[in-house]
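Notes to accompany the following structure.
The values are calculated or read from the model by the stated rules, or taken from the named source; none is laboratory data. Please read these numbers as outputs of a predicted model, since none were measured by experiment. When we count neighbours, we look across all protein chains shown, and the Cβ atoms used for this are built from the backbone with ideal geometry, even at glycine.
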Amino acid sequence: MFVFTVKPRVQGVTPELVDLFQDVGTSTIGHLTDFGFLKGLKPLFRPIHFVGNAVTVRLPHMDSTAVHKALDFVEPGDVLVIDMSGDVERSCFGGIVSYAAKAKKVAGVIVAGSINDVEEIKEIQLPVFSLGVSPITTRILGIEGEINTTVSVCGVSIHPGDLVVADNDGVFIINPKSAAKYAEIAIEKQLREPETKRKIDSGISLASISKADRFFTTEGQSESKEPTKVI
């Protein structure tokens, strides 16, 4: 019996939100929260950058039927997010699938598993993050799969229509309804960086600027005159 779950595509990300995050670095967001980062994924190449709307796929290890069908659902600017159900030994995403995704103008691809045909993907410059590379591939078996359901990638639950922000440093996922506040704080932080660099150039210490030096004042510390031993 074939068991496939296919739900409608969700447009959770607005064009305004995509524009807002175009200049926001994932590492800047990393100053604000520990949640939503896909730890362990690696970009196929750098520089890499994309922002888009998640279209999700879940596969049962060796059957990639649902990936092929999901490409009927993606729209320009979408990010295809593939959950391989813990399989990192076999690839579900190679040259022809990449070519089809590029033709559909997807913004990028996230694979919680392996990929193959690396040179072909690089040649067409399709932005891809994955857990690795493998010559062992999935097959079109028609066993089961899910499209536009909640998936799990690197311990993060990803819902159809979530915002995906990816760059040289990593991938960040967030519910679009909660995203704007992070972008606004991150942009403000990034805009302060040139002034911080000017202060450093003028001779002001970084510890003074960041106020890290307040933890090294004598107030409240031991009055012992013995030197501190660092082990």
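Looking at (1) over 26 Å from Leu41 (Cβ atoms); (2) assigned to a strand (DSSP E or B), find the lone condition where Val164 falls short.
Checking Val164 against (1) over 26 Å from Leu41 (Cβ atoms); (2) assigned to a strand (DSSP E or B), the one that fails is (1).
Kindly indicate whether Phe129 is aromatic (Phe, Trp, Tyr) and over 23 Å from Gln22 (Cα atoms).
no
What number of residues within segment 110-136 satisfy the criterion of being buried (at least 17 other Cβ atoms within 10 Å of the Cβ) and farther than 20 Å from Pro47 by Cβ?
Total satisfying the criteria: 7.
Considering each residue of segment 85-110, count those that are free of Cβ contacts under 8 Å to residues at least 40 places away in the same chain, under 21 Å from Arg9 (Cβ atoms) and touching a Leu at 6+ places or on another chain (Cβ under 7 Å), and give that number.
Within segment 85-110, residues that are free of Cβ contacts under 8 Å to residues at least 40 places away in the same chain, under 21 Å from Arg9 (Cβ atoms) and touching a Leu at 6+ places or on another chain (Cβ under 7 Å) number 6.
For segment 108-123, which positions are more than 18 Å from Gly52 (Cβ to Cβ) and either within 18 Å of the chain's Cα centre (by Cα) or charged (D, E, K, R) (or both)?
Gly113, Ser114, Ile115, Asp117, Glu119, Glu120, Lys122, Glu123
Starting from residues that are part of a strand (DSSP E or B) and among the hydrophobic types (A, V, I, L, M, F, W, C), keep the ones in segment 97-115 and report whichever is farthest from Gly132 (Cα to Cα).
Per the stated criteria, the residue is Val109.
Kindly establish whether Val55 is touching a Leu at 6+ places or on another chain (Cβ under 6 Å) and touching a residue at least 40 places away in the same chain (Cβ under 8 Å).
In short, yes.
When you look at Leu17, is it under 23 Å from Asp169 (Cα atoms), within 19 Å of the chain's Cα centre (by Cα) and in a loop (DSSP other than H, G, I, E, B), yes or no?
Criteria not met by Leu17.
Assuming Thr196 fulfils every condition listed in (1) surrounded by fewer than 19 Cβ atoms within 10 Å (Cβ to Cβ); (2) polar (S, T, N, Q); (3) under 15 Å from the mean Cα position of the chain (by Cα) apart from one, which condition is it?
It fails just one condition, (3).
Only residues that are within 17 Å of Ser152 (Cα to Cα), buried (at least 20 other Cβ atoms within 10 Å of the Cβ) and either modelled with pLDDT under 95 or within 18 Å of the chain's Cα centre (by Cα) (or both): list them for segment 52-86, please.
Asn53, Ala54, Val55, Thr56, Val57, Arg58, Val79, Leu80, Val81, Ile82, Asp83, Met84
If Gln190 passes every condition in (1) out of contact with any strand residue (DSSP E or B) (no Cβ under 8 Å at 6 or more places or on another chain); (2) under 23 Å from Ser91 (Cα atoms) but one, which one does it miss?
Here Gln190 clears every test but (2).
Quick test for you: out of Gly161, Gly155, pick the one residue that is crowded, with 17+ Cβ neighbours inside 10 Å, of a type in the set (Gly, Ala, Ser) and either closer than 24 Å to Ala54 by Cβ or free of Cβ contacts under 8 Å to residues at least 24 places away in the same chain (or both).
Gly161
So, in segment 11-34, of the ones that are out of contact with any strand residue (DSSP E or B) (no Cβ under 8 Å at 6 or more places or on another chain) and within 15 Å of Gly161 (Cα to Cα), which residue ends up surrounded by the most Cβ atoms within 10 Å (Cβ to Cβ)?
Thr14
Quick test for you: out of Ile48, Ile29, pick the one residue that is in contact with a Gly (Cβ under 9 Å, 6 or more places away or on another chain), farther than 18 Å from Val111 by Cβ and in contact (Cβ under 8 Å) with a residue 60 or more places away in the chain.
Ile29
Would you check if Gly95 is on the phi > 0 side of the Ramachandran plot and modelled with pLDDT of 95 or more?
no
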